[in-house]
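Everything below concerns the one structure shown next.
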Amino acid sequence: MKIAVVGTGYVGLVTGTCFAEMGNNVTCVDIDKEKVLRMQSGQVPIYENGLEELFHKNQKQGRLVFTASLEEGIENAEIIFLALPTPPGADGSADLKYVLGVAEQLGGMLKHYAIIVDKSTVPVGTGELVHERLSKNAKVEFDVVSNPEFLREGLAIEDFMKPERVVIGTDSQRARKVMEELYAPFVRQGNPIYFMDIRSAELTKYAANAFLAAKISFMNEIANLCELLGANVDEVRKGMGSDSRIGKRFLFPGIGYGGSCFPKDVQALSHSANQAGYRFHILDAVMRVNEQQRTKLIPFVLNHFKNDLKGKVIAVWGLAFKPQTDDIREAPALENINILLQHGAEVRVHDPEAMANVRKIFGDKISYHELPMDAANGADLLFIATEWQEFRSPDFDALASIMKEKVIADGRNLYDVEAMRERGFKYVSIGRKAVL
Ligand code: NAD
C-alpha cells in the first residue's frame, strides 16, 4: 500500500519504518527541514533499539522516503497517518494545534479518496474535529480513523511489529477493510485487532496510560508506607504481584514516572473529565503522588551534606526518563539535577544514550562522561535516576576506591540492601531500609 506518515518523531518514524518493512511504500513527512535532510542522507534522528537497521534497509530499497513537503508526501497515499505532537496546553488539556492544523491543510490537497488515521494521543471528539477541518476544503471523499499507538519507547520496534492488540476506531466499512489488510501481517500470531467507534478508540489510549500511571503511583505510596512501617517493598511487591489479577509488571517503585506520555496523558484525561463535568479523583492523586515522588531522595542528599552542597561532587547515573531510550522529556533526572545545581553542587553525569539531549538543556553547567565510572570518579555521592542494565552490577570495589565518599542515593532500587551494607556503602533507596 502507499502510505504517508506526517510527523516523524518516536511514533511516526517507527510506524513508517515498520510499515515499509512489511513491503508498503512509505513517505514520511516532517516540518523540521533539517531533520528531513538528515534522514534523507541516512541518519536516524532518534535512538530506538533495532530501528537503525530497518531504517537503512528500507531506505536503500526505496520503500522509505522523506520529505518536508506535505503536499508531495501525501500525493499518492491511500492512507495518511498523523503522528504529530499533542503537548499539554497551559490548562493541562492536549494541545491539538498540530493535528488540526495539518488536517486543515490536508483537505485542499487530497486528489482522491484517502483514509486519514490519527495515531497521536488525542482527546475524545478529536476524530470529529479532524473530519470538520478536512471537510472545509476537501473536494474528494475521505474517512477519518482513530488508531492509537501503544508502543513503548525502547521496545518500539518489537511492540509495533508484534502488537499485543491493535485498536481501530472507525464508522466506515471501507476504511475498516483497508486497515484490517494493512495490519494483517502484524497480527499473524493471532493477537486481536479491536474495531470500535472512534470515541471509544480515543478513550482507550488515555485509559491505558492513566491506569499504568496509577499503578506506578500506587506502588510508590506503598513504598513510602513501607519505609514508615519498617516493611520491605521488594517483598511486598513479589507477594502481591504473584496474584494474577494484579500481575507482576509495573509494580516497581522509584522516583516517579516521566516521559512524553504518562504526565501529559494523565493531565489531559483529568482535564477531559472536568470538562465533561466529572471529577476523576484518582487521577488527581496519581499526579500529586508522582510530583512528590520525583524529588523524594533530595531530603536525604541535603541532610547528608548538612544542607550545604557547595564544593560537593554528585555523580548522576541515568538521564533518560527510562532505559533504552534517549528521550529526556519529563525525565526525573533533570528536575533532580536542577535542585542539586541550585544548592551549589558540582554535577557529573553519565547516560548511555541521552547525554546529547541533556547537553542542549544544561550546557556547561554539568560535565558529561562516556563511562559511568568516570562520572563517579571523585564523587561525594552517586545518584541513580534511570535503571539502565549496565548500572545493575558495577564493580563495587572500583566504585568504592574512586568515590570520595561511599554514598549512593538509588532512585531505582538497583542493588540489594544487605549487600550494600556489607560493602560498606551508605545506601538509600525507595521503600526499603536505609543503610546509614
Ligand atoms: P515527537 O515529538 O517525537 O515527534 C513529532 C514530530 O512531528 C516531530 O518530528 C515534529 O517535527 C513533527 N511535526 C510537528 N508539526 C508538524 C507538522 N505540522 N507537519 C509535519 N510534522 C510535524 O512525538 P512522538 O513522541 O512521536 O508522539 C507523537 C504522538 O504519539 C503524541 O500524541 C504522543 O502522545 C503519541 N504517542 C507517543 C508515544 C511515545 O512513546 N513517544 C507512544 C504512543 C503514543
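The values are calculated or read from the model by the stated rules, or taken from the named source; none is laboratory data. Remember, it's a predicted structure, so these values are computed and weren't measured experimentally. As a convention, Cβ positions derive from the backbone with ideal geometry for all residues, glycine included, and neighbour counts pool all protein chains shown. The protein model used for the area step is the full one, side chains on, heavy atoms only, and it has no ligands, DNA or RNA in it. Shrake-Rupley method; radii C 1.70, N 1.55, O 1.52, S 1.80 Å.
Brief remarks on what is shown
- Based on C-alpha pairs under 8 angstrom that are at least 6 apart in sequence, the range 298-428 has a relative contact order of 26 percent.
- Calculated [θ] (222 nm, deg cm²/dmol) that DSSP helices of n ≥ 4 give over the chain, each run adding -39,500 (n - 2.57): -13000 deg cm²/dmol
- Cα-centred dipole magnitude for the range 205-293, charges only on beta-carbon of K, R (+1) and D, E (-1), debye, nearest 20: 340
- The range 215-259 shape via C-alpha gyration tensor axes, a/c threshold 1.5: oblate
- Per-residue extension of 0.36 nm, minus the Cα-Cα distance of Q292 and H112, leaves a gain of 59.6 nm for this segment.
- Its residue count N fixes a reference of 2.2 N^0.38 Å for the range 205-293, and the Cα radius of gyration divided by that reference is 1.14.
- Relative to the current alpha-carbon distance between E141 and N49, full extension at 0.36 nm per residue lengthens the span by 29.3 nm.
- Modelled label positions at A285 and R38, each set 7 Å beyond Cα in the direction of Cβ, lie 4.3 nm from each other.
- 3J(HN,Hα) couplings calculated from phi for the range 314-325 with the Karplus curve 6.51 cos²θ - 1.76 cosθ + 1.60 (θ = phi - 60°) are, in sequence order, 10, 8, 10, 9, x, 10, 4, 5, 7, x, 6, 9 Hz; Gly and Pro show x.
- Peptides 205-212, 161-168, 26-33, ordered by how many other C-beta atoms sit within 10 Å of their residues on average, highest first, read 26-33, 205-212, 161-168.
- Protection proxy ranking, highest mean first, for peptides 190-199, 71-80, 280-289: 71-80, 280-289, 190-199, where packing is the per-residue count of other beta-carbon atoms within 10 Å, averaged.
- Quotient of Cα Rg and 2.2 N^0.38 Å for the range 298-428, N being how many residues it contains: 0.96
- Treating r as the C-beta distance of N274 and R165 and R0 as 30 Å, the FRET efficiency rounds to 0.55.
- Beta-bridge orientation, the chain: approximately 10 percent antiparallel, per DSSP, counting only bridges with both partners inside.
- Heavy-atom accessible area per residue - the chain, 1.4 Å, Å²: 46
- Spin-label model, Q389/E78: points 7 Å from Cα along the beta carbon direction are separated by 3.9 nm.
- Ellipsoid equivalent to the chain - semi-axes via the Cα gyration tensor, in Å: 42, 24, 19
- When the chain is treated as a Gaussian network with alpha carbon springs shorter than 10 Å, the biggest mean-square fluctuation among S270, S260, S393 belongs to S393.
- Of the solvent-accessible surface of the chain, computed with a 1.4 Å probe over protein heavy atoms with every protein chain present, carbon and sulfur atoms account for 50 percent.
- With eigenvalues of the C-alpha gyration tensor scaled by 5 and rooted, the range 23-166, Å: 25, 20, 15
- Mean-square fluctuations from a GNM of the chain, with a 10 angstrom spring cutoff on Cα atoms, peak among A333, A20, A273 at A273.
- The slack in the chain from A184 to K306, taken as 0.36 nm per residue of separation less the alpha-carbon distance, amounts to 37.8 nm.
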